[in-house]
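Participant: This is the structure, below, for whatever I ask next.
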Amino acid sequence: MSVSEKYNSVFVSVFNVEESVLGNDFSAENIDNWDSITQLSLVTAMEDEFDIMFDPEDILNFKSYSVGKTIVAKYGVNF
Amino acid sequence: MSVSRLLEGKICLVTGANRGIGNAIAERYAEEGAVVFANARKEGSLDAWAKQCSEKYNTSVIPLYFDITDAAASKAAILKIKSDFGSIDVLVNNAGMVTYELLPMIDFEKLRAMFEVNVIAMIQLVQLASRIMSRQKSGSIINMSSIVGAQGVKGQLGYSATKGAVISLTKSAAKELIEHNIRVNAIAPGMVGTDRFTQVIRLPT
C-alpha cells in the first residue's frame with residue numbers, strides 16, 4: 001500500500017466514507033461529524049499508521065485532508 | 001520491608017529521581033522489579049546509582065536526562081521509552097521546585113518558573129504519557145502534590161498555589177482518562193526529612 005493509500009485509509013476508517021470523497025474540500029468546516037472527538041481519533045489513527053507522534057499544535061491544526069498531509073509530511077513521511 | 005516484586009516487568013518513569021522522594025520512589029520501584037527510567041536534569045548524575053540499583057535489585061534502572069520544562073525533550077524521552085519497551089505503565093510526576101517567601105516578598109519571575117516546572121511541565125508529561133497509555137488501555141499516573149496544596153500555609157503562597165493546581169489537574173485528568181483505564185492520583189505529603197528539606201529547616205537531632 002502506498003503512503004497516499006495508507007493516509008486515505010485512515011480517513012476512510014475514521015469518517016466511514018468512500019475514498020472518492022477525499023480531497024481539498026474535506027475539512028472540519030465542510031464535514032458535519034468532524035468534531036474534536038473525531039479529530040483526536042483521526043490523529044491517533046494517523047500516528048499508529050505511520051508510527052509517529054504529533055506535537056500538540058499539529059493535533060490542533062489537523063483540520064483538513066490537505067493540511068493533514070503537510071503535517072504528516074513534517075514527520076518524515078514522504079507522499 | 002517485604003518485597004513482592006509487585007511491579008515485575010512494569011515500565012515506569014520517575015521524574016526528579018536524583019534525590020529525596022523521587023529517588024526513594026525510583027529505588028523502591030526497582031526493588032519491586034520494575035524497569036525504572038529515572039529522570040534528572042544533570043547529565044551523568046544518576047549513572048553510578050542506577051548501575052548499583054540495577055545490580056542490587058536484578059532489574060534495569062535507566063537514567064534519562066532531560067529538563068521537564070523542555071517540551072521537545074519530554075516528548076523525546078517518552079518516545080524513547082515507547083521505542084525501547086513498547087509501553088509505559090507508570091508515570092510518577094515528582095520533579096518540582098519549591099520556594100519559601102511571605103506574600104510581599106514573592107518574586108514573580110520565580111513564581112512563573114515554579115508554575116512552569118510544577119504545573120505546565122506536569123501537564124505536558126500527563127498528555128504525552130496518556131497518549132501511549134490510552135493505546136495500551138492501561139496505566140497509572142501519580143502526581144506529587146503537597147499537603148500545603150490542600151490546606152495552604154503561611155509563607156508559601158506560590159508553592160501552595162502550584163500544588164493546589166496539581167490536585168485539580170489530577171482530578172480532571174482522572175475523570176478524562178478513566179475511559180482508557182488509566183488511573184491518575186496525586187500524593188500530598190506533609191513534611192518529609194529529605195536533603196532539600198533539611199537544608200531549609202533544621203530538624204531536632
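The values are calculated or read from the model by the stated rules, or taken from the named source; none is laboratory data. Being a predicted model, the structure only gives us computed values, none of them experimental. Every residue, glycine as well, gets a Cβ built from its backbone with ideal geometry; the counts of neighbours run over all protein chains shown.
Participant: Those residues that are within 14 Å of chain B (Cβ to nearest Cβ) and either of a type in the set (A, V, I, L, M) or in contact with a Phe, Trp or Tyr (Cβ under 7 Å, 6 or more places away or on another chain) (or both), I need them from the range A:19-38; list them, please.
Facilitator: A:ILE37
Participant: Right, something else. List every residue pair whose Cβ atoms sit under 7 Å apart, with the two residues 6 or more apart in sequence or on different chains, where the first one lies in the range B:64-82 and is away from every other protein chain (no Cβ under 12 Å) and outside any helix (DSSP H, G or I) and the second, anywhere, is of a type in the set (Asp, Glu) and surrounded by fewer than 20 Cβ atoms within 10 Å (Cβ to Cβ).
Facilitator: B:TYR65/B:GLU43; B:THR69/B:GLU116
Participant: Another question about this same structure. Do the conditions hold for B:ARG131, that is, is it in a helix (DSSP H, G or I) and more than 25 Å from B:ASP89 (Cβ to Cβ)?
Facilitator: Answer is no for this residue.
Participant: Can you name the residue in the range B:113-128 that is of a type outside the set (A, V, I, L, M, F, W, C) and within 14 Å of chain A (Cβ to nearest Cβ) and, of all such residues, is surrounded by the most Cβ atoms within 10 Å (Cβ to Cβ)?
Facilitator: B:GLN124
Participant: List every residue pair whose Cβ atoms lie under 9 Å apart, where the two residues are 6 or more positions apart in sequence or sit on different chains, the first residue falls within the range B:138-157 and is within 20 Å of B:GLY20 (Cβ to Cβ), and the second residue, located anywhere, is assigned to a strand (DSSP E or B) and basic (Lys, Arg).
Facilitator: The qualifying pairs are B:ILE141/B:ARG183; B:ILE142/B:ARG183.
Participant: When residues of the range B:30-60 are filtered for being assigned to a helix (DSSP H, G or I), over 12 Å from B:LEU7 (Cβ atoms) and not small (Gly, Ala, Ser), how many remain?
Facilitator: 7
Participant: Within the range A:10-20, is there a residue that is more than 26 Å from B:SER130 (Cβ to Cβ), surrounded by 12 or more Cβ atoms within 10 Å (Cβ to Cβ), at pLDDT 95 or above and among the small types (Gly, Ala, Ser)?
Facilitator: Taking every residue of the range A:10-20 in turn, none turns out to be more than 26 Å from B:SER130 (Cβ to Cβ), surrounded by 12 or more Cβ atoms within 10 Å (Cβ to Cβ), at pLDDT 95 or above and among the small types (Gly, Ala, Ser).
Participant: Let me ask something else about it. State yes or no: is B:LEU64 closer than 18 Å to B:MET122 by Cα, surrounded by 15 or more Cβ atoms within 10 Å (Cβ to Cβ) and in contact with a Cys (Cβ under 9 Å, 6 or more places away or on another chain)?
Facilitator: So B:LEU64 does not fit the description; no.
Participant: Continuing with this model, one more query. Evaluate the range A:61-74: report whether one residue or more is surrounded by fewer than 17 Cβ atoms within 10 Å (Cβ to Cβ), away from every other protein chain (no Cβ under 14 Å) and small (Gly, Ala, Ser).
Facilitator: yes
Participant: I'm told B:ILE25 meets every condition in (1) within 14 Å of chain A (Cβ to nearest Cβ); (2) more than 21 Å from B:ILE120 (Cα to Cα) except one. Can you identify the failing condition by its number?
Facilitator: Going through (1) within 14 Å of chain A (Cβ to nearest Cβ); (2) more than 21 Å from B:ILE120 (Cα to Cα) one by one, B:ILE25 breaks only (1).
Participant: While we're looking at this one, here's another question. Can B:ILE88 be described as under 18 Å from B:LYS10 (Cβ atoms), touching a helix residue (DSSP H, G or I) at 6+ places or on another chain (Cβ under 7 Å) and in contact (Cβ under 8 Å) with a residue 60 or more places away in the chain?
Facilitator: For B:ILE88, the condition - under 18 Å from B:LYS10 (Cβ atoms), touching a helix residue (DSSP H, G or I) at 6+ places or on another chain (Cβ under 7 Å) and in contact (Cβ under 8 Å) with a residue 60 or more places away in the chain - is met.
Participant: Of (1) within 14 Å of chain B (Cβ to nearest Cβ); (2) in contact with a helix residue (DSSP H, G or I) (Cβ under 8 Å, 6 or more places away or on another chain); (3) not polar (S, T, N, Q), A:GLU57 satisfies all except one. Which?
Facilitator: (2)
Participant: Still on this structure, I have one more. Going through the range B:148-178 one residue at a time, which ones are away from every other protein chain (no Cβ under 14 Å) and either outside any helix (DSSP H, G or I) or surrounded by fewer than 15 Cβ atoms within 10 Å (Cβ to Cβ) (or both)?
Facilitator: Within the range B:148-178, B:ALA150, B:GLN151, B:GLY152, B:VAL153, B:LYS154, B:GLY155, B:GLN156, B:SER168, B:LYS171, B:SER172, B:LYS175, B:ILE178 qualify.
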